[in-house]
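One structure is given below, encoded as structure tokens.
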């Protein structure tokens with residue numbers, strides 16, 4: 001198990017006295033989310049939000065912990081050996097070039113070393129995989145899709161279904177970057193703004209059949225294109241559900257996801273199905289095991305190791321709404337201005353609009369993204385934040401799943417909630433393949 005922040009020499013945390021209205025963070029005053037581990041509760045009880053510094057003398061603190069206990073359950077007689085280099089996976093030279101030149105990877109992360117042989121080797125069993133945010137899951141299924149494509153067959157051969165259009169666009173960008181030299185075609189199937197469309201003079205939009213070899217999109221649009229016979233399933237080799245816990249949850253996209261899987265099974269029963277997520281509750285885990293083919297593989301990280309050491313999580317109890325705004329203004333944004341970007345997650349669109357108005361009135365330059373905006377405006381806001389043009393971004397749960405942000409400085413997520421403010425503070429760490437490229441990933445915002 002990875003060393004905790006308390007016994008690691010890689011992190012130094014210093015606390016200063018805070019004013020009374022900012023809340024006492026003693027253990028008996030902090031009510032941690034149910035998903036938090038005991039070690040996180042200890043951190044929350046000992047840290048005030050005054051001054052927090054991270055000693056970067058040893059960057060291993062920010063790496064994928066090598067001691068992570070990854071539990072695997074395999075089916076059948078196929079022996080799987082971890083891959084210590086990408087060459088051991090027998091990848092095409094074009095894909096290796098993409099990994100090294102474009103992605104700047106050096107070696108597989110631990111999750112990639114274990115899962116990729118399961119994905120890429122016959123008999124191509126289904127996989128249910130859980131690992132913490134930032135462990136390299138996206139590269140696992142992206143490389144898996146690229147590796148299974150027959151470049152000569154101009155037809156859909158791989159689907160990746162995501163809960164939000166922002167995540168679908170982001171995954172497409174990663175895939176195109178990784179597969180830059182492969183010649184493999186890809187397309188984003190999301191509502192409006194992407195894909196090939198032919199506009200007639202009668203306010204009708206005629207979409208030709210999709211011939212891209214990899215299609216990444218949202219469940220509603222994927223299902224609609226299948227129903228309209230615009231998205232063929234005949235040659236499909238691999239189906240990926242990203243953020244699968246949300247895709248299979250009762251209050252998520254369960255109906256669409258199950259419908260798509262069943263439709264694929266009827267047309268192409270040999271299609272490999274991959275479920276990837278940072279979290280799986282027992283109900284979703286059991287349901288996922290029921291809908292995959294009989295023999296399948298499973299990969300899980302121990303629950304207490306799902307929270308990365310480079311993320312510090314704690315709450316500030318506030319007596320009223322104004323106190324929450326003061327915490328954000330006086331402590332978080334003041335520090336964020338000096339060291340990086342800040343995302344503030346809120347529950348509703350009205351909360352986003354209200355907080356935006358308050359922060360603008362007191363002099364902050366902020367942008368807000370929520371589902372009621374036009375899609376082109378949402379895309380522009382995301383791009384500006386990723387390009388570093390926006391320092392403070394207010395968001396609903398629209399960006400709460402799998403959102404990646406490259407940064408060189410510290411980033412903080414804030415979630416005003418009830419009578420408290422939940423904070424997740426992360427110093428951007430080296431990515432999971434031991435590169436100098438930094439990445440800040442937002443997962444499920446309750447646990448991130």
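The values are calculated or read from the model by the stated rules, or taken from the named source; none is laboratory data. Values in this document were obtained by computation on a predicted structure and should not be read as measured data. Cβ atoms come from the backbone with ideal geometry, glycine included; neighbour counts cover every protein chain shown.
Suppose we keep only residues that are in contact with a strand residue (DSSP E or B) (Cβ under 9 Å, 6 or more places away or on another chain) and in a loop (DSSP other than H, G, I, E, B) within the range 165-190. Which one would you say is surrounded by the fewest Cβ atoms within 10 Å (Cβ to Cβ)?
If we filter the range 165-190 for residues that are in contact with a strand residue (DSSP E or B) (Cβ under 9 Å, 6 or more places away or on another chain), which is where we start, we get 165-172, 174-176, 179, 184-190.
Those left that are additionally in a loop (DSSP other than H, G, I, E, B): 179, 184-185, 190.
Details: 179: 26, 184: 23, 185: 17, 190: 22.
Only one residue fits best here, namely 185.
What do you reckon, is residue 126 under 21 Å from residue 271 (Cα atoms) and without any contact (Cβ under 8 Å) to a residue 24 or more places away in the chain? Explain how you work it out, then say what you get.
Values: under 21 Å from residue 271 (Cα atoms): yes; without any contact (Cβ under 8 Å) to a residue 24 or more places away in the chain: no.
It is false that residue 126 is under 21 Å from residue 271 (Cα atoms) and without any contact (Cβ under 8 Å) to a residue 24 or more places away in the chain.
Kindly check whether there is at least one residue in the range 347-364 that is within 21 Å of residue 190 (Cα to Cα) and touching a residue at least 12 places away in the same chain (Cβ under 8 Å).
Kept after step one, since they are within 21 Å of residue 190 (Cα to Cα), are these residues of the range 347-364: none.
No, the conditions are met nowhere in the range 347-364.
Out of all the residues in the range 228-250, which are out of contact with any helix residue (DSSP H, G or I) (no Cβ under 7 Å at 6 or more places or on another chain), within 28 Å of residue 283 (Cβ to Cβ) and surrounded by fewer than 23 Cβ atoms within 10 Å (Cβ to Cβ)?
Scanning the range 228-250 gives a single hit, 250.
So residue 269 ticks every box in (1) under 20 Å from residue 215 (Cα atoms); (2) part of a helix (DSSP H, G or I); (3) out of contact with any helix residue (DSSP H, G or I) (no Cβ under 8 Å at 6 or more places or on another chain); (4) free of Cβ contacts under 8 Å to residues at least 60 places away in the same chain but one. Which box is left unticked?
Unmet condition: (2).
For the range 215-238, indicate whether the set of residues that are over 25 Å from the mean Cα position of the chain (by Cα) and under 18 Å from residue 119 (Cα atoms) is non-empty.
Yes: one or more hits.
Quick check on my filter: what residues within the range 119-137 are surrounded by 24 or more Cβ atoms within 10 Å (Cβ to Cβ) and assigned to a helix (DSSP H, G or I)?
Residues satisfying the conditions are 119, 137.
Would you mind finding the one in 357, 347 that is under 23 Å from residue 243 (Cβ atoms), modelled with pLDDT of 80 or more and surrounded by fewer than 20 Cβ atoms within 10 Å (Cβ to Cβ)?
Details: 357 fails: under 23 Å from residue 243 (Cβ atoms).
When all the criteria are applied, what remains is 347.
Select from the range 81-103 the residues that are surrounded by 14 or more Cβ atoms within 10 Å (Cβ to Cβ) and either part of a helix (DSSP H, G or I) or touching a residue at least 60 places away in the same chain (Cβ under 8 Å) (or both) and list them in ascending order. Lay out the reasoning, then the answer.
Filtering the range 81-103 down to residues surrounded by 14 or more Cβ atoms within 10 Å (Cβ to Cβ) leaves 82-83, 86, 88-89, 91-92, 94-99, 102-103.
Answer for the range 81-103, where residues must be surrounded by 14 or more Cβ atoms within 10 Å (Cβ to Cβ) and either part of a helix (DSSP H, G or I) or touching a residue at least 60 places away in the same chain (Cβ under 8 Å) (or both): 86, 88, 89, 92, 94, 95, 96, 97, 98, 99, 102, 103.
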